Every structure is written in C-alpha cells, then in structure tokens.
Amino acid sequence: MKKISILMIALSGMFSMACSPKSSPEQSVSNKDNAAYEKSMGEAFSLFKQGKLERASLVFERIAQVEKGNWIPSYYAAHTNILQVFATTDKSKGEELLQRAEKYLKQAQSIAPRNSEVETLQGVYYTAKIVLDPMVNGMKFSAPALSAFEKAKQLDPSNPRPVYLAAQFQINASKFMGGDPASYCAEIKRVIPMFDAFSPKQKFAPRWGKEQALKVLRSSPCK
C-alpha cells in the first residue's frame, strides 16, 4: 500500500506539471476566421496560464458547447478538469471533475475519433483515475493508460506528447514497482528533437511538454 501511495504522489506531480500550459499552446501556425472564438479561447488560456483552472475549465466548456464541430475546446475542457483532479485531495470533488472531464473527452473523441492528441489525453484521464483512488484503480487503469499513449503514438508518430508521457509514466512506475527507471531515459532524450520539429496544424492545438521533458533529463535517474 505504501509503494502504491508513493507512486501515485509521483504520478500526480508528474502530470500536473507535464500538462501545464507553459509552452503557450495557443500560438500555432494557422488561424480560425472566428473573432469571437479566438477571443474566448484567449480568455480561457489567460486563466489557464495563471493557474486558475476552475475558471478556465468553465470558459472552455462554454466554448465547447458552441463549437460542436471543433475538437480543441472540448479537449481543453476535459484537460483542465483532469488537471484539477491531480490538485485535489477531496475524492468526491475528484469524481465530479472526472465525470465532467469524461463528458468533454467523449465529445472530442466523437468529433475527432482518430486524433493523437485526444488519445493522449485519454491516457492522462486514466492516470487521474489512478491518482484519485490508487487502491481501486491502480491495477485497473495502468495498462489502459499506457495503451492509450501507445495508440496516440501510432495515430501520429510525430507527436512528442504520448512518447514523453509514456516514458515518464514508466520511469515513475519503475521506481516503486521494480525495474530500471533509467532504461526509459532514452525515450525522453529522443523526444526533445520531436518537440522542436512538431508543428500543430490548427491554432490552439496542444504544444506543451518540452520544458517538462527537459526537466526530467536534468533529474534522477536520467541526469
């Protein structure tokens, strides 16, 4: 039980940091000709960057309810609700956040059923379920989380996020469940040029992860 609890603390810190918006996800290569949409998304990202996740999630949810054919607001509505799970110690609140996240994750999946970013977020969602109730969900959702990351890699081999998250998940799991965590450091090293080469096809599409991957490389067991 102690090992599982420590592992969940590690995973919680890993994902709350890994999914932060420090890499300015709204700065991308294309524009959507919709001033109201861009203004609302800008407002949501401003709150996101300030760490005001609850308020940001409400704005993303509102946008997602209007943008029925656009997966990106639904992605971030799910994303911001998931991140709040990693920050709470209130299990009932966490369950409520997961339910809200699942709603928008399913909406994103229905709009973009073979989208690597959405599938990556599915893996983060499973990880949040593990963190919220490790004794019940640890064994149940570890394999699905890794499977989601693997599927995301297959859907878009150029996407660095599932590569990074899968390796980081394995590093933390190996520390407490046995195995050599350093064996996954090569994947973290491999992903850095992938972040540099990655170019989102839509404005506001995810870009996060490089800063966190570099931090892993500067930390044990990868340094």
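Below, the figures for the structure above:
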{"read-out": "Members of region 133-147 found to be of a type outside the set (Gly, Ala, Ser) and either over 17 Å from Ile82 (Cβ atoms) or in a helix (DSSP H, G or I) (or both), listed by number", "value": "Pro134, Met135, Val136, Asn137, Met139, Lys140, Phe141, Pro144, Leu146"}
{"read-out": "Filtered residues of region 173-213 (kept if assigned to a helix (DSSP H, G or I) and closer than 28 Å to Ala77 by Cβ)", "value": "Val191, Met194, Phe195, Lys210, Glu211, Gln212, Ala213"}
{"read-out": "Matching option when the condition is closer than 19 Å to Arg207 by Cα, among the hydrophobic types (A, V, I, L, M, F, W, C) and buried (at least 16 other Cβ atoms within 10 Å of the Cβ), among Ala112, Ala64, Ala101", "value": "Ala112"}
{"read-out": "Residues of region 167-198 classified as more than 13 Å from Val216 (Cα to Cα) and within 20 Å of the chain's Cα centre (by Cα), total", "value": "7"}
{"read-out": "Residues located in region 122-149, provided they are among the small types (Gly, Ala, Ser) and either farther than 10 Å from Phe169 by Cβ or without any contact (Cβ under 8 Å) to a residue 12 or more places away in the chain (or both)", "value": "Ala128, Gly138, Ala143, Ser147, Ala148"}
{"read-out": "Condition check for Met8: at pLDDT below 95, crowded, with 19+ Cβ neighbours inside 10 Å, part of a helix (DSSP H, G or I) and of a type outside the set (Phe, Trp, Tyr)", "value": "yes"}
{"read-out": "Qualifying residue in region 110-121 (condition: at positive phi and either among the hydrophobic types (A, V, I, L, M, F, W, C) or free of Cβ contacts under 8 Å to residues at least 24 places away in the same chain (or both))", "value": "no"}
{"read-out": "Near pairs, Cβ below 6 angstrom, 6+ apart or cross-chain, from region 150-176 (buried (at least 23 other Cβ atoms within 10 Å of the Cβ)) to any residue that is at pLDDT 95 or above and not in a helix (DSSP H, G or I)", "value": "Pro160/Phe198"}
{"read-out": "In region 60-70, the residues that are assigned to a helix (DSSP H, G or I) and either over 21 Å from Val124 (Cα atoms) or within 15 Å of the chain's Cα centre (by Cα) (or both)", "value": "Arg62, Ile63, Gln65, Val66"}
{"read-out": "Some residue of region 71-83 being β-branched (Val, Ile, Thr) and modelled with pLDDT under 50", "value": "no"}
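The values are calculated or read from the model by the stated rules, or taken from the named source; none is laboratory data. It should be emphasised that the depicted structure is a prediction, and the values quoted were computed from it without experimental measurement. Virtual Cβ from ideal backbone geometry, glycine too; neighbours counted across all protein chains shown.
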